[in-house]
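Remarks on the structure that follows.
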Amino acid sequence: MSLRASVVTASMVLMGAPAFGAGPAVSWILFPEPASSQSAAAQAGKVDFLHACAVCHAAQADRPGTMSLQFKYAGRLPAALEQRTDLTPEMVTYYVRHGIAMMPSFRKTELSDAQVAAIAAYLSRKGK
Ligand code: HEC
């Protein structure tokens with residue numbers, strides 16, 4: 001089962017009703033953070049980040065993206081993207097559309113411009 005499918009299933013169990021189209025509410029239930037601290041785009045971006053990026057960039061030592069950035073920055077910047085305060089939306093969008101080293105580029109059929117913008121808002125939220 002995909003992450004997205006399990007998110008929807010979990011929300012249906014929690015809400016006791018079909019929850020299709022209830023995106024922000026779903027992410028709030030599974031990943032509570034004060035709503036005022038994040039834009040709606042950033043909250044949606046967190047779900048897409050978990051779906052498309054966390055397999056390589058989660059804050060775990062065995063993830064290839066996290067390992068590569070640990071090696072690249074040697075502790076000068078956090079190895080986990082979600083902990084960075086220096087990322088800009090432009091930088092995130094560039095890497096997602098172009099890829100780097102073993103990171104694949106993502107086509108618009110895989111991640112829409114709106115999804116990439118949401119992920120970029122999420123990963124740059126600490127830099128404001
Ligand atoms: C298959 C694994 C993989 C996936 C999936 C992946 N990445 Fe990466 N990513 C990497 C690796 C490895 C690097 C580091 C490359 C290097 O050595 O510079 C990287 C680098 C980056 C960087 C550059 C960070 C820096 O400071 O140099 C950004 C930003 C980034 N990824 C964002 C994302 C986002 C957003 C997604 C999801 C849409 C994603 N990545 C999905 C493996 C992955």
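General observations
- Qualifying positions in the stretch 117-128 - surrounded by 12 or more Cβ atoms within 10 Å (Cβ to Cβ) and without any contact (Cβ under 8 Å) to a residue 40 or more places away in the chain: Ser124
- Qualifying positions in the stretch 65-101 - hydroxyl-bearing (Ser, Thr, Tyr) and either crowded, with 17+ Cβ neighbours inside 10 Å or part of a helix (DSSP H, G or I) (or both): Thr66, Ser68, Tyr73, Thr93, Tyr94, Tyr95
- Restricting the stretch 102-123 to residues that are part of a loop (DSSP other than H, G, I, E, B) and near the ligand (Cβ under 10 Å from one of its atoms), the residue that is farthest from the chain's Cα centre (by Cα): Met102
- Given (1) out of contact with any Gly (no Cβ under 6 Å at 6 or more places or on another chain); (2) free of Cβ contacts under 8 Å to residues at least 60 places away in the same chain, number of the condition Leu111 does not satisfy: (2)
- Number of positions in the stretch 65-98 that are touching a Phe, Trp or Tyr at 6+ places or on another chain (Cβ under 8 Å), closer than 22 Å to Gln115 by Cβ and more than 7 Å from the ligand (Cβ to nearest atom): 2
- From His51, His57, residue being at pLDDT 95 or above and either within 6 Å of the ligand (Cβ to nearest atom) or among the β-branched types (Val, Ile, Thr) (or both): His57
The values are calculated or read from the model by the stated rules, or taken from the named source; none is laboratory data. If you're wondering where the values come from, they're calculated on a predicted model, not measured in any experiment. Heads up, the Cβs are rebuilt from the backbone with ideal geometry, glycines too, and the neighbour counts pull from every protein chain shown.
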